[in-house]
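Student: For reference, the structure I am asking about is given below.
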Amino acid sequence: ITNDMVEVQQFPQASINASAIQDIGQAVGKTTRQTIFKGDPILFSKLFAQRAEAGLAFTIPAGKRAISVSISEVTSSGGLLLPGDHVDVISLCRASLDGASQPAPGGGTVRYSEQWKATTMLQDVEVLAVAQQLTGTEPEPSPAERVAGGTTPPQQVPQTRPQPQPGARTVTMAVGSDEAQRLAAFAKLCDFTLTTRRFDDRKLDALPPAELNYGVVR
């Protein structure tokens, strides 16, 4: 709902629905649950309390795309990630060195058969969802809280905080279009680890890849 969609009209007090919005600011920016016709009063029961309740598409920041990657408890900060957290995405890829060699300390040659390379692909990425959890769940109102024409105004119903899901197998993040392409390509051959940032840390670091050669033959 945008500001130009709504206006204030005067009604007799006795005819005003108990769940009707009486301030434009309570409607602008909200998402509707159902069609609201021109001239109809806007009821709280016809709006989603939070944008996330309307679905994933309404939680994606402007200019971003939502993409999911596979995770485990180990690769998602102990399974403690929550929607709204910010993470760095590290790709862990294995490559064949085809017998690459280099001088060994004290003389001789060391040959390596394979290499693991860890690269920080993306930094400061917002987590949109963990498994199918976008936000906390809104408790059902009690019978006493129900009013004619719908439920009580959403802002009167407490919103529970999302809970960690150690068993989650996917995390959905907000990334740029080009970043989504890179993640999709790397996902075919590489594994991902997500490192959680402190809530106020937005610093971007210049990090070289970390490499580990193994399969040593002397």
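Student: If packing is taken as the average number of other Cβ atoms within 10 Å across a peptide's residues, how do 200-209, 183-192 rank, most packed first?
Tutor: 183-192, 200-209
Student: For segment 70-129, compute Rg over Rh where Rg is the Cα radius of gyration and Rh is the Kirkwood radius from the inverse mean 1/r over Cα pairs.
Tutor: On the way: Rg = 17.9 Å, Rh = 14.5 Å.
So for segment 70-129, dividing Rg by the Kirkwood Rh gives 1.24.
Student: Next up: Hey, got a sec? Which trypsin sites (Lys or Arg not before Pro) in segment 26-89 land in a DSSP loop and have at most 11 other Cβ atoms within 10 Å?
Tutor: K38
Student: Taking θ = phi - 60°, what integer Hz values does the Karplus form 6.51 cos²θ - 1.76 cosθ + 1.60 yield along segment 110-120, in sequence order, with x for Gly and Pro?
Tutor: 10, 10, 10, 9, 9, 9, 9, 10, 9, 10, 7
FYI, it's all coordinate maths here, none of it is from the lab. From a predicted model like this one, the values you see are computed outputs, not experimental measurements. Virtual Cβ from ideal backbone geometry, glycine too; neighbours counted across all protein chains shown.
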